[in-house]
Amino acid sequence: MIPGFVRVSVKGQQCQRFVNLCRGREMDLKRIIRTGETELQLTMKVADFLQISPLRRKTGVHIHILKKRGPLFFLLFCKRRKMIPAGFLAVFCLLFFLSGRVWNVEIRGNILNPTPQLMSFLKEQGVCFGVSRKKISCSALAASLRREFPEITWVSAGFSGTGLRFEIREGTAGEKAEPEDKSCSLFSTLDGVIDSMVTRQGTPLVRAGDEIKKGQELVSGIVDITDDSQEVIRYEYVQADADIYVCHSIAYYDTFPLDIEKKVWPGKNKTTIFFQLGSSFLDLSSPLQQNEDRLICRESLFSTGIFQVPFSLGIITTNRFELRKERLTEDAAKKQAIQRLYDYEEKLIEKGVQISENNVKIEINHQDCVSRGTLTVIERTGREAPTEKKTQPKERTPEDG
């Protein structure tokens, strides 16, 4: 059976009879449309079309082919235009060649060893852009990574399409064991007043509401062991652990001029394209001039999740701007000063600092907008330092009573 279909036009006085005869021979006719009193159009299979010659002569109709679709017609089309199959063959060979090489290297799980350092080592081992997959031994690369970097305890290397992927786990197997003595005390790093304090281990030396100084010992790593009569019989050393929050004030000062330069784009822009093959660029744009901004958009061509072709096409949009001097109004200057203060507070909050009170005032003179004042904040403190050892008390004997 020949696949495909044809769209034909049937003209003649007996076109309706022609359709009935085709239906009588169980031919599959679709989309029958009457376009005139003695003309209609219909779609039929190629196999049926080859059998309508006796019916056409019997009814005296004229058949005109409007459309042809199917593999047979495509092959006939390619037979007359031999460059088309040659192009398909060339693309297939190119994709087959590219699929056998590595175009992307991905490293996951590394923290102690930076990715550029690992990539440089892999390059020394022969893993580079466009290398053949047959020249790469994943097991040998994994073993060499473990030998070169002692922090790496486990490596999994494998291919994912045209990419080479490394899964890494790092540990502390090569580090020396820490000493058993971990005793330490907590000291203040700020001047202020204790806002809250929760001690989990150690002996607290201050409590909420006490005023402290920088460098003062807050939690001691010495725990007194007492007997039934509450007399100290020995000292035990622990690693002090506590959550200590101190309320204190920090100074804030910020200033900016009222006269500013503002970028104005007149609406004229220039668009150019560039090509990238691996690390090589072909840029068709002119060098960046003064008072110009560029927006670069790049898209990889013929790339999927498992197959990546190292060819990218990009568009560079160059916008020319003008600098115009403007003077901020009093309201605009205050809004900008408040926004700058909010940005500063956001940075403090990201560090875990709580803002308790804001005592910042904004002043505007002839040239500048000045913000000055203090912020009352609540911040965690507690610096670990070795505990000063004390002489153990003498053991009591029956003669001491």
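The values are calculated or read from the model by the stated rules, or taken from the named source; none is laboratory data. Here the structure is a predicted model, which is why all the values come from computation and not from measurement. In this analysis, Cβ positions are derived from the backbone assuming ideal geometry, glycine residues included, and neighbour counts consider all displayed protein chains. Accessible surface areas use protein heavy atoms only, side chains included; no ligands, DNA or RNA. Shrake-Rupley method; radii C 1.70, N 1.55, O 1.52, S 1.80 Å.
Listing for the model above:
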{"read-out": "Stretchable slack from CYS128 to TRP154, in nm (0.36 nm times residue separation minus alpha-carbon distance)", "value": "7.1 nm"}
{"read-out": "Kirkwood-based Rg to Rh ratio, the stretch 1-117, C-alpha trace", "value": "1.43"}
{"read-out": "Anisotropy class of the stretch 110-176 from Cα gyration tensor, a/c 1.5 cut", "value": "prolate"}
{"read-out": "Anchor LYS334: aspartates and glutamates whose Cα lies under 17 Å away (excluding residues fewer than 8 positions away in-chain)", "value": "ASP254, ASP259, GLU326, ASP343, GLU345, GLU363, ASP368"}
{"read-out": "In Hz, Karplus ³J(HN,Hα) per residue of the stretch 32-41 (6.51, -1.76, 1.60; θ = phi - 60°; x = Gly, Pro)", "value": "7, 10, 8, 9, x, 5, 10, 8, 8, 10"}
{"read-out": "Label-point gap, in nm, between GLU330 and VAL198 - each point 7 angstrom along Cα→Cβ", "value": "4.9"}
{"read-out": "Rotationally averaged projected area of the stretch 32-72 (alpha carbon convex hull; nm²)", "value": "3.3"}
{"read-out": "The stretch 1-147 - charge dipole about Cα centre, Lys and Arg +1 at Cβ, Asp and Glu -1, debye rounded to 20", "value": "420"}
{"read-out": "Unit charges at the beta carbon, dipole of the chain: most positive-side option, HIS62, SER139, LEU75", "value": "HIS62"}
{"read-out": "Mean Cβ neighbour count within 10 Å, used as a protection proxy, ranking 265-274, 53-62 highest first", "value": "53-62, 265-274"}
{"read-out": "Cα-Cα over 32 Å, subset of LYS82/LYS270; LYS58/LYS79; LYS270/LYS335; LYS213/LYS347", "value": "LYS82/LYS270; LYS58/LYS79; LYS270/LYS335"}
{"read-out": "20 Å binning of all Cα-Cα separations within the chain, expressed as whole percents from 0 upward", "value": "14, 20, 30, 18, 12, 4, 1, 0"}
{"read-out": "Estimated dipole of the chain in Debye, rounded to 20 [Cβ of Lys and Arg +1, of Asp and Glu -1, Cα centre]", "value": "6220"}
{"read-out": "Helix-only [θ]222 nm of the chain, DSSP H runs n ≥ 4, -39500 (n - 2.57) each, per residue, nearest 500", "value": "-7000 deg cm²/dmol"}
{"read-out": "Where N is the number of residues in the stretch 41-179, Cα Rg divided by 2.2 N^0.38 Å", "value": "2.11"}
{"read-out": "Where N is the number of residues in the stretch 53-102, Cα Rg divided by 2.2 N^0.38 Å", "value": "2.05"}
{"read-out": "Cα lying deepest toward the dipole's positive end in the chain, options LEU295, VAL232, GLN339, charges on Cβ", "value": "LEU295"}
{"read-out": "Candidate aspartates and glutamates for bridging to LYS389, where Cα separation is under 14 Å - those fewer than 8 sequence places away on the same chain excluded", "value": "ASP181, ASP224, GLU236"}
{"read-out": "Accessible-area value, MET119, 1.4 Å probe, nucleic acids and ligands omitted, Å²", "value": "70"}
{"read-out": "Under 13 Å from the ARG340 label point (7 Å along Cα→beta-carbon), backbone N, the stretch 351-374", "value": "361-365, 367-373"}
{"read-out": "Long-range HN-HN contacts of VAL131 with modeled amide H, under 5 Å", "value": "VAL102"}
{"read-out": "Reachable lysines, given that their alpha-carbon falls under 16 Å from the alpha-carbon of LYS135 and they are not under 8 places away in the same chain", "value": "LYS123"}
{"read-out": "Kyte-Doolittle at least 1.0, axis length at least 20 Å by Cα - qualifying DSSP helices, the chain", "value": "83-99"}
{"read-out": "Rg to Rh quotient for the stretch 243-283, alpha carbon positions, Kirkwood Rh", "value": "1.41"}
{"read-out": "Where the stretch 126-274 is the region considered: accessible area per residue in Å², 1.4 Å probe", "value": "60"}
